[in-house]
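The values are calculated or read from the model by the stated rules, or taken from the named source; none is laboratory data. Keep in mind the model is a prediction, meaning the values are calculated, not measured. Here Cβ is always computed from backbone atoms with ideal geometry, including for glycine, and neighbour counts include all displayed protein chains. Heads up: the accessible areas ignore ligands, DNA and RNA and are worked out on the full protein's heavy atoms, side chains in. Shrake-Rupley method; radii C 1.70, N 1.55, O 1.52, S 1.80 Å.
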Amino acid sequence: MSLLTYSGITTKVRAMQSRLLSEEQFHEMAGLEDVRSAADYLKQLPTYAEIFAGVDDSNLHRGHIEQLLTLSEYRDFAKLYRFSNLPQRRFLDLYFMHYEINIIKRILRHVMGHQEAVLDLSMFQEFFDRHSNIDLPALAQSENLEDFLSRLKGSPYYEFLSELASRETCTMFDLEMNLDLFYFRTQWKVKNKMLSREERHALEQCFGCRLDLLNIQWIYRARHYYHLSPSDIYALLIPVNYKLKPDQIRHLAESADNEEFFSVLRETFYWKFQKGEITGKPDIETLYHQICNQIYANAGRRYPYSVAILDSYLYSKELELQKIITTLEGIRYRLDAGEIIALVEKQ
C-alpha cells in the first residue's frame, strides 16, 4: 500500500533532491569574490534560476536575497503539496505550521524592536493566502505588541501569547520559546491522529530525535549562558522524551559544570552519531546539526515510501538555504574560502 501511495511523490522528491547543491558547488561559490558574483552563480542553477530571474543587481542586499531564498523554499513546499494526495497533504498542512511560526516570530522581532519601517512580506503573500488563515499584511503593519496580538485573534496562537504578554516579566525570549513549544507539542500530539502506525514510526525517528536534541541544546544554553536553576530549566523543556531518558535529562540539567554535562551526554543514544573523535568540550550547536543531518538523511533512505521522504527533503532544503546564507555572509566579510566552508560544515 505504501509503495502504491508514495511511488509518485517519492519520484518527485528524488528529482528535487537531485537539484540540491553539492559540496563541490558550495566550494565553488565560497571562492567567489563578491556577493553579486555568488548571486550570479545561483542564477545559473536550475533550482534558483527562476527566483533570481529579472532581479535588479542593485537590490541584491542581504535582506532581499534571504527573502528570495525563503521564497524558493515555499515554492518547493507548494510543488510537493500540489503533487500530494489527501493523506500526504494532511502531513504537509501540519508541517506548514513551522513556516507560519517562523514568519510570526520575524514580525514579532520587528514589532518588539520598535522599527518604524513597515515589514514588506508581499513576496510571500500568495503562498500564505493558500495555506494560512492569518492576515499577513495586517500583522506586518502592527505598531506595537498589543496591536500585533489583536491581529492574531482567531488563530491558535492568540490565547497563549496574550496570556504571556500580560506578565510583567515577559520577554521576546519567552514569546519565541513558547511559540516553539506550541509547535512541538502540536506536532507530537496531532501526528498520532493523522498518520498510520507505519508512518508514525518513520516520522517519530526524525521528529523525536530532533526534540531530544533541542532539549539537550536548551539545557546547555540555559546552564552555560543564562545560569538558570534546574527547576527553571525544566520549565523550558519540550515535554517529550524519545531516546533521551528522564534520568539523563535530570543529570544534564543538574550537572555541576560543563565537564560533567558532557560526561552525561557521552552516555546518551545520540553521542554515537557525532563525527570523528571529539575530545574536550565540542560545540553543542555543531553537534546538534551533525546528528540531525544524519538522522534525517537516514530516515529518507530507510523509509522512502512514507511521510519521512517529505520531511527529509524539506529539512534538507532548509539546511541548504542556511548554508547558502552562511556562504554569502562569509563572502561579504571577505573570509577566505576555507574559513567559509568550515562555517558551512558546522550546519
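What whole-number value in Å² describes the accessible area per residue of the range 24-81 for a 1.4 Å probe?
With all protein chains present, the range 24-81 gives 46 Å² per residue.
Rank 80, 337, 64 by how far each Cα sits towards the positive end of the charge dipole of the chain (+1 on Lys, Arg Cβ; -1 on Asp, Glu Cβ) and give me just the farthest.
Projecting each Cα onto the dipole axis, the largest value belongs to 80.
What are the trypsin sites (Lys or Arg not before Pro) within the range 84-183 that DSSP puts in a loop, where the Cβ has at most 14 other Cβ atoms within 10 Å?
Listed in order of number, the matching sites are 153, 167.
Can you compute the modelled spin-label distance between residue 82 and residue 67, with each label point 7 Å from Cα toward Cβ, in nm?
2.3
Restricting attention to the range 1-87, which trypsin sites (Lys or Arg not before Pro) occupy a DSSP loop and are surrounded by at most 14 other Cβ atoms within 10 Å?
Within the range 1-87, the qualifying trypsin sites (Lys or Arg not before Pro) (loop, at most 14 other Cβ atoms within 10 Å) are 19.
At what distance in nm do the modelled label points of residue 153 and residue 105 sit from each other, each positioned 7 Å from its Cα along Cα→Cβ?
Once both label points are built, they end up 2.8 nm from each other.
Determine the dipole magnitude for the range 193-347: charges of +1 sit on the beta-carbon of Lys and Arg, -1 on that of Asp and Glu, nothing else is charged, the reference point is the Cα centre, and the result goes in debye to the nearest 20.
Using Cβ point charges on Lys, Arg, Asp and Glu, the range 193-347 gives about 440 debye.
Any chance you could run the full-extension gain for residue 130 through residue 93? It's 0.36 nm times the residue separation minus the Cα-Cα distance, nm to one decimal.
Extra length from residue 130 to residue 93 when fully extended: 12.2 nm.
Give the value in nm², to one decimal: projected area of the alpha carbon convex hull of the chain, averaged over all directions.
The orientation-averaged projected area of the Cα hull of the chain comes to 18.7 nm².
For the range 33-99, which GluC sites (Glu not before Pro) are both in a DSSP coil and crowded by at most 15 other Cβ atoms within 10 Å?
33
How far apart, in nm, are the 7 Å Cα→Cβ label points at residue 258 and residue 122?
Inter-label distance under the simple model: 4.8 nm.
At q = 0.13, 0.15, 0.19 Å⁻¹, work out log10 I(q)/I(0) for the range 223-347 with the Debye formula, treating every Cα as an identical point scatterer and leaving solvent out; two decimals please.
-0.73, -0.93, -1.19
Given the Cα-Cα distance of residue 2 and residue 334 and 0.36 nm per residue of separation, how much length would full extension add, in nm?
114.6 nm
For the chain, what does the helix formula give at 222 nm: sum of -39500 (n - 2.57) over DSSP H segments with n ≥ 4, over the residue count, nearest 500 deg cm²/dmol?
It comes out at -22500 deg cm²/dmol, rounded to the nearest 500.
What is the calculated FRET efficiency for residue 171 to residue 345, with r their C-beta to C-beta distance and R₀ = 35 Å, to the nearest 0.05?
Efficiency, from the Cβ-Cβ distance: 0.60.
Give the residue from 270, 233, 258 lying farthest towards the positive end of the charge dipole for the range 217-276; charges sit on Cβ (+1 for Lys and Arg, -1 for Asp and Glu) and the dipole is referred to the Cα centre.
270
Hey, any idea what % of the range 231-347's accessible area is carbon plus sulfur with a 1.4 Å probe?
In the range 231-347, the share of accessible area belonging to carbon and sulfur is 48 percent.
Can you find, among 25, 309, 172, the residue sitting farthest towards the positive end of the charge dipole of the chain, where Lys and Arg contribute +1 and Asp and Glu -1 at Cβ?
Of the candidates, 309 comes out farthest on the positive side.
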